[in-house]
Amino acid sequence: MNLAALQNYFAALITAPTGPDEGLARLREKNPATPGFPETFRETARLPANERIAIYANMYFFRLLEAIAHEFPKCAAALGEARFHNLITDYLLVHP
C-alpha cells in the first residue's frame, strides 16, 4: 500500500461515526480485498491493532470537540459538557 492509500485508509478508519470497525466494513464494501488491522498496523502483546486504531479515532473526535468548544465557548458553557458533547457528535455525523 503506497503512502496516499495508507493515509486514506487511516482517515476512513478514524473518521467513521461508530469507530474503526465500521470504517473497515465500509472500505471492504467498496473493495473486499482491503487489508485488515493486523495486516496494516503493528500489534503488541497488550494492544491489538484495532484497539490501537480506536485510540486514534477517539483522539480525533475529542480534538474536534475541543476545537469547536474553543470556537463556541458560550454555547459549550450554556449547554454543559454532556449536552455539548452530544450536539457535536450529532453535528459530526451529519457533517463529517
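Observations on the model:
- Between Leu92 and Ala33, residue separation times 0.36 nm minus the direct Cα-Cα distance comes to 18.4 nm.
- In nm, spacing of pseudo-spin labels at Ala5 and Asp21 (7 Å Cα→C-beta vector): 2.6
- Separation of the Thr44 and Asn58 label points, Cα + 7 Å toward Cβ, nm: 1.5
- Given 15 as the ceiling on other Cβ atoms within 10 Å, longest exposed-site-free region of the chain for trypsin sites (Lys or Arg not before Pro) in DSSP loops: 47-96
- Relative pair counts by distance (%), Cα atoms of the chain, 10 Å bins: 15, 40, 27, 15, 3
- Percentage relative contact order, the chain, counting C-alpha pairs under 8 Å, at least six apart: 24
- Over the chain, DSSP H runs of length four or greater, each weighted -39,500 (n - 2.57), average out per residue to a 222 nm ellipticity of -23500 deg cm²/dmol.
Just so you know, all these numbers are worked out from the coordinates, no wet-lab data involved. Just so you know, these numbers come straight off a predicted model, no measurement behind them. So basically every Cβ, Gly included, is an ideal-geometry build from the backbone, and we count neighbours across all protein chains shown.
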